[in-house]
1. Are there any pairs with C-beta distances below 7 angstrom linking a residue in the stretch 228-256 that is farther than 16 Å from R197 by Cα and surrounded by 13 or more Cβ atoms within 10 Å (Cβ to Cβ) to a residue that is of a type in the set (K, R) and at pLDDT 90 or above, with the two at least 6 apart or on different chains, and if so which?
2. Answer with yes or no whether S173 is assigned to a loop (DSSP other than H, G, I, E, B) and of a type in the set (S, T, Y).
3. Here's a check for you: in the stretch 82-120, which residue that is surrounded by 19 or more Cβ atoms within 10 Å (Cβ to Cβ), part of a loop (DSSP other than H, G, I, E, B) and not hydroxyl-bearing (S, T, Y) is modelled with the lowest pLDDT?
4. Kindly indicate whether any position in the stretch 216-229 is under 27 Å from L14 (Cα atoms) and of a type in the set (K, R).
5. From the set of residues in the stretch 121-164 that are on the phi > 0 side of the Ramachandran plot and either among the acidic types (D, E) or open to solvent by 30 Å² or more (accessible area, probe 1.4 Å) (or both), which is nearest to the chain's Cα centre (by Cα)?
6. Filter the stretch 217-250 for residues that are in contact with a helix residue (DSSP H, G or I) (Cβ under 8 Å, 6 or more places away or on another chain) and either assigned to a loop (DSSP other than H, G, I, E, B) or small (G, A, S) (or both) and give the result.
7. Which one of the conditions (1) closer than 23 Å to H31 by Cα; (2) charged (D, E, K, R); (3) more than 20 Å from the chain's Cα centre (by Cα) does R82 fail to meet, given that it meets all the rest?
8. Considering each residue of the stretch 134-166, count those that are part of a helix (DSSP H, G or I) and basic (K, R), and give that number.
Amino acid sequence: ERSAPMHAADLAYLLFTSGSTGRPKGVAVSHGALVNQLNWLEKEFALTRADVVFQKTPFTFDASVWEIFAPLQVGAKLVVARADGHTDPQYMADAMAEHGVTVAQFVPSVLAVVYAHVDIVRCSALRLIVAGGERLATSVAEAARFGGRVDVRNVYGPTETTVQVTSRKFDGSGSLSVPIGSPVWNTRTLVLDGALRLVPLGVVGELYVSGRQLARGYAGQAAATAQRFVADPFGRAGERLYRTGDLVRWIHDTDANETVL
């Protein structure tokens, strides 16, 4: 029983990540950030109670968060993979067919392996594949579309930014890899140089993220938090940017300006 009202800034979960240092850091994510993510996912992926979502990502990875809570939010069916099922491509393909999975998420390298075992006739309910965590090659995305019958989304988001912060629907076109796309709701993506200046269109710079998707910081590690979560020179007082450390460039899209790795 709660002794006080819950607020958006309250802690929703703590997820440990080593990042590039190899030393564990507990990323503290607020309820407000999580709710923003789930509301965006529901709309972006058109999730309804008719969906069947495959939950197979280990709980130690933030990608598991939306697999669990998004279907619960809309009343969809949640199919939980067996222990270590995420390591067996044939099992995952069979489970998707047996349970009528409509929505599944994969790291691109795993997606390529799993799809070698998928019988699209048996997986007739499948409508959406979400790929994230690595560069998504257009060849892998094209194979996952099954001639355009399945919607393939490329997503991007460090642990410090509450699951996904950008998304791009693969339309069958593009170069060698699929762009990481446009920001989610209430989120900004900036490409900056070493002096925190905006870089021109097409020039490589570091990706920074601001908005509601940012984590509160690293629990009990004020110095590490201050190093990665910096003051936003383009925002209002008190707003922050998260330094992702990823190099990207802006491209001009027909619908919007989008960031691409």
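The values are calculated or read from the model by the stated rules, or taken from the named source; none is laboratory data. Every value quoted in this text rests on a predicted model; they were computed, and no experiment measured them. Because the Cβ atoms are built from the backbone with ideal geometry, glycine has one as well, and the counts that use them run over all protein chains shown. The accessibility values were calculated without ligands, DNA or RNA, using every heavy atom of the protein model including side chains. Shrake-Rupley method; radii C 1.70, N 1.55, O 1.52, S 1.80 Å.
1. Filtered contacts from the stretch 228-256: R228/R243; F229/R240.
2. Against the criterion (assigned to a loop (DSSP other than H, G, I, E, B) and of a type in the set (S, T, Y)), S173 qualifies.
3. Once the filter is applied, the top-ranked residue is V118.
4. Within the stretch 216-229, one or more residues are under 27 Å from L14 (Cα atoms) and of a type in the set (K, R).
5. It comes out as G133.
6. G217
7. (1)
8. 1
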